[in-house]
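Peer 1: Once you've had a glance at the structure underneath, I'll fire off some questions.
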Amino acid sequence: MSNCIDKCRCINKRKCIDTLFSKFLLRSWLATPTIIFSLLIVGVISSTTAHADIGDFSASLKGGKTVVSDIDGVSVEEESSAGFNFGYQFLDNWSAEIEYVTGGVVLSANVRSIDVDVVSAAAYATYRSDSGNLYFTTRIGVVQLELKSNSAVPDATETGLSYGAGGGYQVLPNLGIELDYTIVEADTDWLMLSARFTF
């Protein structure tokens, strides 16, 4: 990727930055060893009593940051992200959840920048421990990631495995504050703080 930048310093800067964005879109999905490690973490967690009861619903408002891996020769400016989450507790400690998050990044090289909107829609199985008011979370699921830019490069949509972990604090019986880090693609993650209501 750095070779492309060197060749385009004086001419055809638009083509160069579009090539950079294309390679950003085409990075490989999650590495197999990491996926296996995540599945093992979920598998070895024992079931205990959760804060919410079976049959409870939940709604979360989320805000945070889009986290993108470094790209050779490109300046990456990470922007804020926001979203929401709805869940249903189907077992002790376990919830089925759907989530929508939107954020963005700015990719810059030479004198040109590309604004990239990052949107994910996902379904997760989420585990919450019962260790008093302070608890930890882990989740795994399927995500559809959509990348849109202001360049000539076509928008891209990918579907793959997503997983994450975090922690929370039960402020009130039906209100918790959670911080989680979720990998949604090999180069793109969410770092999110949320307020979770159960009812």
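One line per residue, one yes/no per condition, for (1) of a type outside the set (D, E, K, R); (2) closer than 17 Å to ALA59 by Cα:
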residue: TYR88; (1), (2): yes, yes
residue: GLY164; (1), (2): yes, no
residue: GLY167; (1), (2): yes, yes
residue: PRO173; (1), (2): yes, yes
residue: LEU191; (1), (2): yes, no
residue: ARG196; (1), (2): no, yes
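Peer 1: A further question follows. Give the residue that is farthest from GLY166 (Cα to Cα), with candidates limited to residues of the range 55-74 that are more than 12 Å from the chain's Cα centre (by Cα) and among the hydroxyl-bearing types (Ser, Thr, Tyr).
Peer 2: Among residues in the range 55-74 that are more than 12 Å from the chain's Cα centre (by Cα) and among the hydroxyl-bearing types (Ser, Thr, Tyr), the one farthest from GLY166 (Cα to Cα) is SER69.
Peer 1: Report every pair of residues separated by at least 6 positions or lying on different chains whose Cβ atoms are under 9 Å apart, first residue within the range 82-93 and under 13 Å from ARG139 (Cα atoms), second acidic (Asp, Glu) and not in a strand (DSSP E or B).
Peer 2: Listed pairs, sorted by first residue: GLY87/ASP56; ASN93/ASP130.
Peer 1: Among the hydrophobic types (A, V, I, L, M, F, W, C), under 19 Å from GLU77 (Cα atoms) and within 16 Å of the chain's Cα centre (by Cα), is that true of VAL142?
Peer 2: When the stated conditions are applied, VAL142 does not pass them.
Peer 1: For the range 128-137, does any single residue satisfy the condition of being surrounded by 19 or more Cβ atoms within 10 Å (Cβ to Cβ), part of a strand (DSSP E or B) and of a type outside the set (Lys, Arg)?
Peer 2: Yes - at least one qualifying residue is present in the range 128-137.
Peer 1: Go through the range 72-90 and report how many residues are closer than 23 Å to ASP187 by Cβ and surrounded by 19 or more Cβ atoms within 10 Å (Cβ to Cβ).
Peer 2: Residues meeting the conditions: 4.
Peer 1: Is it the case, given these coordinates, that GLY103 is touching an Asp or Glu at 6+ places or on another chain (Cβ under 7 Å), without any contact (Cβ under 8 Å) to a residue 60 or more places away in the chain, closer than 24 Å to SER194 by Cβ and part of a strand (DSSP E or B)?
Peer 2: No: the conditions fail for GLY103.
Peer 1: Quick test of your reading of the structure: VAL143 fulfils all but one of (1) surrounded by 17 or more Cβ atoms within 10 Å (Cβ to Cβ); (2) out of contact with any helix residue (DSSP H, G or I) (no Cβ under 7 Å at 6 or more places or on another chain); (3) at pLDDT below 95. Name the failing condition by number.
Peer 2: Here VAL143 meets the rest and fails (3).
Peer 1: Here's something else I'd like to know. Which residue is surrounded by the most Cβ atoms within 10 Å (Cβ to Cβ), if the candidates are limited to the range 146-199 and must be aromatic (Phe, Trp, Tyr) and under 12 Å from the mean Cα position of the chain (by Cα)?
Peer 2: Step by step, filter the range 146-199, then rank; the result is TRP190.
The values are calculated or read from the model by the stated rules, or taken from the named source; none is laboratory data. Small disclaimer: the values here were computed from a predicted structure and weren't measured. Note: ideal-geometry Cβ built from the backbone for every residue, glycine included; neighbour counts use all protein chains shown.
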